[in-house]
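The values are calculated or read from the model by the stated rules, or taken from the named source; none is laboratory data. This one's a predicted model, so the numbers in the text were calculated from it and none came from an experiment. Neighbour counts are summed over all protein chains in view; Cβ atoms, including those assigned to glycine, are modelled from backbone coordinates with ideal geometry. SASA here: full protein model, heavy atoms, side chains in, ligands and nucleic acids out. Shrake-Rupley method; radii C 1.70, N 1.55, O 1.52, S 1.80 Å.
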Amino acid sequence: MLSTGCCSSRLFLLPNWLKAMEEASKLDPNQTLKNADKGLLQSDELYQYVLETSVYPREPELLKELREATASHPMSEMATAPDGGQLMALLLKLINAKKTIEIGVFTGYSLLLAALSIPDDGKIIAIDKNQEAYEIGLPIIKKAGVEHKIDFIDSLALPVLDKLLENPTNEGSFDFAYVDADKINYWNYHERLLKLVRIGGVMVYDNTLWGGTVALPEDLVPDDRKESRLNTIKFNKSLASDPRIQMSQVPAGDGVTVCVRVY
Ligand SMILES: C[S@@+](CC[C@H](N)C(=O)[O-])C[C@H]1O[C@@H](n2cnc3c(N)ncnc32)[C@H](O)[C@@H]1O
Ligand SMILES: O=c1cc(-c2ccc(O)cc2)oc2c(O)c(O)ccc12
């Protein structure tokens with residue numbers, strides 16, 4: 001995977017890995033991945049095609065409004081990619097999720113999507129250490145009439161999960177979990193979520209391809225992406241050998257890993 005001169009920051013999936021690496025070695029790594037976009041498909045045009053054909057036409061109006069309200073935020077690229085979000089909404093519907101947990105809310109794109117996808121008496125525990133960003137999306141969440149489904153907790157996520165686990169009635173009580181926060185803690189979240197999510201429940205992890213950098217040699221990766229890249233590589237490897245789950249690594253958004261708890 002690499003970005004080529006023709007398409008600026010976009011990452012490419014090329015059929016021939018060696019050729020791709022040869023191309024990558026010609027690139028300035030700071031130029032290549034600094035602004036790596038979310039699409040991991042073959043070209044900008046193909047990703048745009050997917051968004052315009054299958055994602056945007058079905059995106060609920062208020063979700064679009066929230067996406068647009070986030071666009072002017074200096075960290076707007078952190079919001080869940082609409083194609084990854086669409087997959088998440090599908091999974092929520094497929095398993096009739098009612099009780100869910102989200103780690104990493106930002107302005108609330110994935111949160112509003114989840115709230116729109118669960119029944120009226122469904123509940124989402126949504127955790128983020130930064131309430132300020134959530135305030136941007138909150139008026140739109142209220143306008144959508146789904147605020148009553150959300151319990152927003154302004155905190156680091158790990159202590160909240162540990163607190164939930166102090167009460168045995170929470171064990172295996174969640175249908176679904178979405179993780180989109182600090183990469184260094186993904187395995188810590190996974191261990192706790194495996195206790196909180198029921199057998200047959202789903203855990204979704206965002207950014208598991210981290211802009212394509214997981215498949216690049218370290219020297220081609222911009223410094224500010226190196227640490228998360230290593231954490232992500234380690235996490236992906238650990239997930240792949242975890243017998244407690246069935247999983248699929250999906251190249252949607254920035255890489256979405258879907259896990260089902262099997263025991
Ligand atoms: C990528 S953004 C989440 C994007 C969000 N899912 C969306 O669709 O817009 C990551 C968020 O995780 C939060 N975060 C990072 N580390 C955290 C931690 N240890 N505990 C709780 N929140 C954390 C950040 O404040 C940030 O809002
Ligand atoms: O560029 C980012 C950065 C993050 C990020 C950084 C630090 C944290 O503690 C949490 C998240 O997350 C991102 C993300 O989820 C995404 O889809 C794209 C870009 C980034």
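Residues in the range 160-194 that are assigned to a helix (DSSP H, G or I) and surrounded by fewer than 16 Cβ atoms within 10 Å (Cβ to Cβ): 10 in all. Test residue 210 against the criterion of being touching a helix residue (DSSP H, G or I) at 6+ places or on another chain (Cβ under 6 Å), open to solvent by 70 Å² or more (accessible area, probe 1.4 Å) and of a type in the set (A, V, I, L, M, F, W, C), and give yes or no. Taking the combined requirement at face value, the residue does not satisfy it.
The requirement of being open to solvent by 10 Å² or more (accessible area, probe 1.4 Å) and either without any contact (Cβ under 8 Å) to a residue 60 or more places away in the chain or within 15 Å of ligand 2 (Cβ to nearest atom) (or both) is not satisfied by residue 111. Evaluating residue 110 against the criteria (1) in a loop (DSSP other than H, G, I, E, B); (2) within 9 Å of ligand 1 (Cβ to nearest atom) leaves one unmet condition, (1).
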